[in-house]
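Each value in this text was obtained by applying a stated rule to the coordinates, not by laboratory testing. Keep in mind the model is a prediction, meaning the values are calculated, not measured. Every residue, glycine as well, gets a Cβ built from its backbone with ideal geometry; the counts of neighbours run over all protein chains shown.
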Amino acid sequence: MPLHKPDLILASGSATRRQLLDRLQIPYAVDPADIDETLAANEPAAQACQRLARAKADRVAGRHPDAVVLGSDQMLSWRGGLLGKPGDAETARCQLAEIAGEAIAFHVAISVACPDGRRLDWHEIVEARMRQLTREEIARYVEIERPFDCAGSMRSEGLGICLVERMDSRDPSAILGMPLIATARLLRDAGIDPLHRA
């Protein structure tokens with residue numbers, strides 16, 4: 001049954017994204033999109049990330065046509081390719097050993113599906129330089145965080161931040177998977193303003 005209140009639905013089951021959206025103090029519901037996230041061959045990171053964010057928003061908007069739906073996605077690129085979710089400890093350790101000391105980029109996309117058919121999209125890039133890491137540091141991080149569902153094994157909302165030398169971004173929340181500056185702007189454009197709620 002379509003939701004009428006609250007007017008906003010987050011198309012993600014991510015606890016981190018819920019915590020970020022909570023900062024805007026807007027009532028919302030959660031309905032994870034559960035889409036096929038298979039990447040097309042040679043699909044650029046920015047394009048893939050935006051496509052998946054939009055697919056998530058559209059999937060949930062189809063279930064709740066009267067709501068504003070927010071979808072998001074994040075990917076990590078390195079040396080022109082994409083680093084996916086490792087799935088297990090051994091792959092996570094290998095990924096982190098490969099990117100240690102390297103420049104990487106987090107691509108973060110959001111897409112807002114509006115009841116009037118509009119789609120509002122945004123793509124953000126966070127550039128980062130990884131620290132040189134010892135095998136012991138990598139093993140300890142993987143043991144603690146178990147980042148098997150994180151692109152490139154980088155759980156940036158947790159201990160993953162200790163793996164990074166520096167980050168450059170226009171939005172400090174982007175690295176966590178949802179750039180709040182852009183999110184607030186797109187929601188205003190969709191008719192939901194955190195500073196003008198009844």
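At a glance:
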{"item": "Note, ³J(HN,Hα) from phi for region 116-128, Karplus 6.51, -1.76, 1.60, rounded to Hz, x at Gly and Pro", "result": "7, x, 6, 10, 10, 10, 8, 10, 10, 10, 10, 8, 9"}
{"item": "Rounded to whole Hz, the Karplus (6.51, -1.76, 1.60) HN-Hα couplings of region 9-16, x for glycine and proline", "result": "10, 8, 8, 7, x, 5, 5, 5"}
{"item": "Sparse-neighbourhood loop sites, trypsin sites (Lys or Arg not before Pro) in region 143-198 - DSSP loop, at most 13 other Cβ within 10 angstrom", "result": "R170, R197"}
{"item": "Residues L96, L186 arranged by fewest to most Cβ contacts within 10 Å", "result": "L186, L96"}
{"item": "Under-5 Å amide H pairs with V164, H placed in peptide plane, nonlocal only", "result": "R131"}
{"item": "Cα centroid separation - region 90-160 against region 166-188, whole Å", "result": "15 Å"}
{"item": "Derived scalar couplings ³J(HN,Hα) [region 163-175; Karplus, 6.51 cos²θ - 1.76 cosθ + 1.60; whole Hz; x for Gly, Pro]", "result": "8, 10, 7, 7, 9, 10, 7, 6, 9, x, 8, 4, 4"}
